[in-house]
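Since the structure comes first, as structure tokens, the remarks are kept for the end.
The values are calculated or read from the model by the stated rules, or taken from the named source; none is laboratory data. Only a predicted model underlies this, so the values are computations on that prediction, with no experimental measurement involved. Glycine gets a Cβ as well: all are built from the backbone with ideal geometry, and neighbour counts include every protein chain shown. With ligands, DNA and RNA removed, areas are computed over all heavy atoms of the protein, side chains included. Shrake-Rupley method; radii C 1.70, N 1.55, O 1.52, S 1.80 Å.
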Amino acid sequence: IETKNNNGNDVTDFGLQGHGVLQAQQQLKPRGPAVCWERLLHMRSIRVMVVENDDCTRHVVTAFLRNCNYEVVEAANGLEAWKILEDLTNHIDLVLTEVVMPCVSGIGLLSKITGHKTRKNIP
């Protein structure tokens, strides 16, 4: 392994040959399970539920997420969000919620999600 300065930038060159290639590959492997999110992102877009009772904030966050190529489902409170989540035909990958809301709070919604048989693994 050589580090060279190329136009002011550090460049690392892996000059591997013969048996050294196998050893280097073994050393470069990450330890423990690794998630390759990039591989999953090309398969489908991530569907995010935004739960926020303030209309302005909800619309801004939704617009921001859509601009980042997420699919967004909106809910104005925890009760509305839970009704969407109860319908198992609605695929949701991630829930972003306000904590203090009328009807069902963000904490109450979290409790419902973690207590549900099939929805408990939604972050």
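Show me, for the stretch 70-79, the HN-Hα J-couplings you get by feeding each phi into the Karplus relation (A = 6.51, B = -1.76, C = 1.60, θ = phi - 60°), rounded to Hz, glycine and proline as x. Karplus-based 3J(HN,Hα) across the stretch 70-79 equals 8, 7, 10, 10, 9, 9, 7, 7, x, 5 Hz. Consider a paramagnetic label point 7 Å from the Cα of residue 57 along Cα→Cβ; state which residues of the stretch 74-92 have an amide N under 13 Å from it. Flagged as within label range: 76-78. Taking amide hydrogens as placed 1.01 Å from N in the peptide plane, the amide H of residue 97 sits under 5 Å from those of 51, each at least 5 positions away in sequence or on another chain. Within the shell defined by Cβ-Cβ distances under 14 Å, the residues around residue 116 carry a net charge of +3, with Lys and Arg each +1 and Asp and Glu each -1.
Output ³J(HN,Hα) for the stretch 56-63: one whole-Hz value per residue in order, computed from phi by the Karplus curve 6.51 cos²θ - 1.76 cosθ + 1.60 with θ = phi - 60°, and x for Gly and Pro. These are the phi-based 3J(HN,Hα) values: 4, 4, 4, 5, 5, 5, 4, 4 Hz. Per residue, the accessible area of the stretch 41-101 comes to 61 Å², computed with a 1.4 Å probe over protein heavy atoms only.
Computed across the stretch 66-118, the Kirkwood radius stands at 11.7 Å (inverse of mean 1/r, all Cα pairs).
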